[in-house]
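For reference, the structure is listed below as structure tokens.
The values are calculated or read from the model by the stated rules, or taken from the named source; none is laboratory data. All values derive from a computational prediction rather than experimental measurement. Methodologically, a virtual Cβ is constructed for each residue, glycine included, from the backbone with ideal geometry; neighbour enumeration extends over all protein chains shown. All accessible areas refer to the heavy atoms of the entire protein, side chains included, with ligands and DNA or RNA removed. Shrake-Rupley method; radii C 1.70, N 1.55, O 1.52, S 1.80 Å.
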Amino acid sequence: MKDEALQKARDALPIFSAIDTNCLVGELENLINDIKKSIDDHFATDKSTTWEELIRPLEDKADQLSKFFSPIAHLHNVADTPDLREAYNEALPLISNYSNEYSQDQRVYKAFEALSDCDSRTKFLTPAQRQATNNALRDFRLSGIGLEEKTQARVREIRLALTKLATQFEEHVLDATQQWKKHVESEAALDGLPESALALAKQNAANDELDGFVLTLDYPCYMPVMTYANDRELRQELYFAYVTRASELGPAAGQFDNSDTINEILALRQELSELLGFDNYAEYSLATKMANSTDEVIKFLGDLADKSRAAAEQELAELRKFAQQELGIATLEAWDMAFAAEKLRQQKYAISQEDLRPYFPIDRVFAGLFKIVNTLFGVDIVEVEGIDTWHDDVRVFQVRDTEGQLRGMFYTDLYARDLKRPGAWMDDCVGRREYADLIQYPVAYLTCNFSPPVGEDPKNRVATLTHDEVLTLFHEFGHGLHHMLTLVGESAVAGINGVPWDGVELPSQFLENWCWENEALSLISGHIDTGEPITEALIERLKSAKNFHAALQMLRQIEFALFDFRLHAEYHGDISVQALLDDVRNHVAVFPPPDYNRFQNSFSHIFAGGYAAGYYSYKWAELLSADAFSKFEQDGIFNPLTGEHFRQCILERGGAVDMMENFVDFRGREPNIEPLLRHSGLAA
């Protein structure tokens, strides 16, 4: 049985090596036409009224299209060659047009409406089917199903344009990031950089057939320079290049400028919102989230800011004093912040991220992570060989429960490289479905941009992670568990599907907590030379430094969230994006950046991702995750019964049950902010 299930799951995986960009658009066009014809034929002949007979065939077609396009969209993110980009941009309008037409198809809408309105039929729906039906009807209304044809056509035009603009925004950020390079011949010019950063810069140079070192704006290269480089002018140079990416300023001024793209996106979002009966895009966004109103979100963020400001001002005053007295920096600038903070951290706690890196070789981290997940949730994770992938670094794993039943699979693509967009994310490759006594097992993509293995010696080519990178890995794996451990059989509400955006970060931020616990750290650490786990003394220093500048970091995230939310709540065509961001900073930030900072021009979360008027979700879900973890603090962080309860209430239910109901079922009450403030070092 194990082998049969695994073989079925393998058969559903994409064959990346078989994707031909030359015929991709034609194949997609034929597939969409076939799907549209089958739907027409279905409604022309089938008068049935049950879920299985009415909705299941529609789901089959949606799944067929997803399996075709998902690997293409994924490759666009991780292997964006010129040929693939061209084919992807040709294919995108086909997908968008079909999606828009489907979302305004009266026949499909009435099929769901019939199931919802008639009690004699609804009573035969499972809870998951009922939730999927309610979500579908909501989404039809948010697509303009009740509008006149002329207005519906405009909604379709706007959605297509927004899809294209989001892709354009992301491509500009990628191109601007990879366009800038600095060739440095002398190692002395890079004084202060740790060996890992020097090795990466040297490898960059070798890849470009140059001697010496090459610095880039990829995060694994950029951040070590900002944190460790003693050359202040070098830090300033990289900072200026980084914060002016994709803008009218900087080394590539205007070449990949996203300014007009941002304005076009905002104008179209506002028009779309008004056509659908909302005052602004923030209201439209909240229609699918846990938060009930724009005022509730603003108040939530404002309260957090008020609780953080005094501590942040104290942290900044201490840093300025330290920079003046110990580093000779009379006036602290933005390009000094990470550098001075790291020096202060080392002075106060005798610890740095680079001190920790040798303790976290990737295989040891994986082994420990899998052990933690096994103890908490009763699942075993084993690598699977012989799977077709898009890069040699990619690995594939299977997940099984305590009874040996397959639950899902996942790909890992962990290292930064050319043609791969920055950041870290989890995305679904295949969604869980149950039909005709068959199970389609969920498959996830887990993507990061860690420092790659470097050097010629095989031993030295083992990748090691900083503790921050370990946190990132746990975060994305939490998303992956949410996707893979679901037991919901309806794909529309299985795993992360159907989960409100401000609740979807709960499992990811929740899993990060184990990265700070002694018992867990002993499992995920093992020195690259000796294999010895991280020492108790180092753990204590790590934990002591956990909330170092926590208030400054809190205000930084609130700044991003308030900017995003106010931008979409207040935009009416006459707003200056920069002026609004400056106003948010004046109210929230205690250390505003230079005037030339164009953070918004590379803010992909809200202009190219799914976080528009939803970036607050990180803090909203952090409140939930901190409170959920406090249950483990009470019961024991490896308590298997509490872990099983979390798996059953949160991970297995997916979007089939209201997220707040899931949380209350697990925690026994409404969420409490105290654990979040305590974990952040901000409790009274």
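Kindly establish whether Val470 is open to solvent by less than 20 Å² (accessible area, probe 1.4 Å), out of contact with any Phe, Trp or Tyr (no Cβ under 6 Å at 6 or more places or on another chain) and not in a loop (DSSP other than H, G, I, E, B).
Answer is no for this residue.
Here are Gly526, Gly531, Gly489, Gly495: which of them is assigned to a loop (DSSP other than H, G, I, E, B), more than 30 Å from Leu319 (Cβ to Cβ) and open to solvent by 30 Å² or more (accessible area, probe 1.4 Å)?
Gly531
Whether any residue in region 1-9 is in a helix (DSSP H, G or I), in contact with a Gly (Cβ under 7 Å, 6 or more places away or on another chain) and surrounded by fewer than 17 Cβ atoms within 10 Å (Cβ to Cβ) is what I want to check.
The answer is yes; a qualifying residue exists.
Looking at Ala444, Ala463, Ala424, can you tell me which residue is among the small types (Gly, Ala, Ser), touching a helix residue (DSSP H, G or I) at 6+ places or on another chain (Cβ under 9 Å) and farther than 25 Å from Tyr359 by Cβ?
So the residue among Ala444, Ala463, Ala424 that is among the small types (Gly, Ala, Ser), touching a helix residue (DSSP H, G or I) at 6+ places or on another chain (Cβ under 9 Å) and farther than 25 Å from Tyr359 by Cβ is Ala444.
Cβ contacts < 8 Å: first residue of a type in the set (Ser, Thr, Tyr), restricted to region 144-164; second residue surrounded by 15 or more Cβ atoms within 10 Å (Cβ to Cβ) and part of a loop (DSSP other than H, G, I, E, B), any location; separation 6+ or different chain. Result?
From residues that are of a type in the set (Ser, Thr, Tyr), the pairs are Thr151/Gly144.
What tally of residues in region 588-607 results from selecting those that are in contact (Cβ under 8 Å) with a residue 40 or more places away in the chain, more than 19 Å from Ala267 (Cα to Cα) and either of a type in the set (A, V, I, L, M) or assigned to a helix (DSSP H, G or I) (or both)?
So the answer is 3.
Does Gln557 satisfy the criteria of being polar (S, T, N, Q), in a helix (DSSP H, G or I), at pLDDT 95 or above and open to solvent by 50 Å² or more (accessible area, probe 1.4 Å)?
It is false that Gln557 is polar (S, T, N, Q), in a helix (DSSP H, G or I), at pLDDT 95 or above and open to solvent by 50 Å² or more (accessible area, probe 1.4 Å).
If you take the residues of region 348-375 that are open to solvent by 30 Å² or more (accessible area, probe 1.4 Å) and polar (S, T, N, Q), which of them is nearest to Thr227 (Cα to Cα)?
That would be Gln353.
Which of the residues that make up region 654-682 are part of a loop (DSSP other than H, G, I, E, B), of a type in the set (A, V, I, L, M) and either open to solvent by 50 Å² or more (accessible area, probe 1.4 Å) or within 27 Å of Met484 (Cβ to Cβ) (or both)?
Listed by number, the residues that qualify are Ala656, Val657, Ile673.
For region 269-289, indicate whether the set of residues that are under 30 Å from Val454 (Cβ atoms) and assigned to a helix (DSSP H, G or I) is non-empty.
Within region 269-289, none of the residues are under 30 Å from Val454 (Cβ atoms) and assigned to a helix (DSSP H, G or I).
Inspect region 293-316 for any residue being basic (Lys, Arg), assigned to a helix (DSSP H, G or I) and open to solvent by less than 50 Å² (accessible area, probe 1.4 Å) and give the result as yes or no.
The answer is no, given that none of the residues of region 293-316 is basic (Lys, Arg), assigned to a helix (DSSP H, G or I) and open to solvent by less than 50 Å² (accessible area, probe 1.4 Å).
If only one of Phe599, Phe591 is over 19 Å from the mean Cα position of the chain (by Cα) and farther than 21 Å from Tyr284 by Cα, which one is it?
Matching residue, one of Phe599, Phe591: Phe591.
Just for region 608-620: of the residues that are part of a helix (DSSP H, G or I) and either within 27 Å of Thr375 (Cα to Cα) or among the small types (Gly, Ala, Ser) (or both), which one is most open to solvent (accessible area, probe 1.4 Å)?
Tyr618
Is it the case that region 384-398 has a residue that's assigned to a helix (DSSP H, G or I), in contact with a Ser or Thr (Cβ under 9 Å, 6 or more places away or on another chain) and either of a type in the set (Ser, Thr, Tyr) or touching a residue at least 60 places away in the same chain (Cβ under 8 Å) (or both)?
So far as region 384-398 goes, no, none of its residues is assigned to a helix (DSSP H, G or I), in contact with a Ser or Thr (Cβ under 9 Å, 6 or more places away or on another chain) and either of a type in the set (Ser, Thr, Tyr) or touching a residue at least 60 places away in the same chain (Cβ under 8 Å) (or both).
Starting from region 189-214, keep only residues that are closer than 16 Å to Arg417 by Cβ, then list their pairs with residues that are among the basic types (Lys, Arg) and surrounded by fewer than 20 Cβ atoms within 10 Å (Cβ to Cβ) whose Cβ atoms are within a distance under 6 Å, requiring at least 6 positions of separation or different chains.
So the pair list comes out as Val214/Lys181.
Looking only at region 149-166, how many residues end up being within 13 Å of Glu101 (Cα to Cα), within 31 Å of the chain's Cα centre (by Cα) and open to solvent by 80 Å² or more (accessible area, probe 1.4 Å)?
Residues in region 149-166 being within 13 Å of Glu101 (Cα to Cα), within 31 Å of the chain's Cα centre (by Cα) and open to solvent by 80 Å² or more (accessible area, probe 1.4 Å): 1 in total.
Conditions (1) over 27 Å from the mean Cα position of the chain (by Cα); (2) within 24 Å of Ile329 (Cα to Cα); (3) open to solvent by less than 60 Å² (accessible area, probe 1.4 Å), marked per residue:
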| position | (1), (2), (3) |
| --- | --- |
| Lys202 | yes, no, no |
| Ala205 | yes, no, yes |
| Glu209 | yes, no, no |
| Val214 | yes, no, yes |
| Tyr222 | no, yes, yes |
| Thr227 | no, yes, yes |
| Asp231 | yes, yes, no |
| Gln236 | yes, yes, no |
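Does Trp514 count as in contact (Cβ under 8 Å) with a residue 12 or more places away in the chain, touching a helix residue (DSSP H, G or I) at 6+ places or on another chain (Cβ under 8 Å) and in a loop (DSSP other than H, G, I, E, B)?
Answer is no for this residue.
Do the conditions hold for Leu623, that is, is it closer than 30 Å to Ala492 by Cα and surrounded by fewer than 16 Cβ atoms within 10 Å (Cβ to Cβ)?
Against the criterion (closer than 30 Å to Ala492 by Cα and surrounded by fewer than 16 Cβ atoms within 10 Å (Cβ to Cβ)), Leu623 does not qualify.
Looking at region 387-403, which of its residues are in contact with a Lys or Arg (Cβ under 6 Å, 6 or more places away or on another chain) and open to solvent by less than 20 Å² (accessible area, probe 1.4 Å)?
Of everything in region 387-403, just one residue is in contact with a Lys or Arg (Cβ under 6 Å, 6 or more places away or on another chain) and open to solvent by less than 20 Å² (accessible area, probe 1.4 Å), namely Val399.
On the given criteria, is Asp40 surrounded by fewer than 17 Cβ atoms within 10 Å (Cβ to Cβ) and among the acidic types (Asp, Glu)?
yes
Please enumerate the residues belonging to region 363-389 that are charged (D, E, K, R) and within 16 Å of Cys515 (Cα to Cα).
Of everything in region 363-389, those that are charged (D, E, K, R) and within 16 Å of Cys515 (Cα to Cα) turn out to be Asp363, Arg364, Lys371.
Got at least one residue in region 254-274 being surrounded by fewer than 16 Cβ atoms within 10 Å (Cβ to Cβ), without any contact (Cβ under 8 Å) to a residue 12 or more places away in the chain, under 24 Å from Gln600 (Cα atoms) and under 27 Å from the mean Cα position of the chain (by Cα)?
yes
For region 427-448: of the residues being within 16 Å of the chain's Cα centre (by Cα), over 12 Å from Ser491 (Cα atoms) and not aliphatic (A, V, I, L, M), which is most open to solvent (accessible area, probe 1.4 Å)?
Asp427
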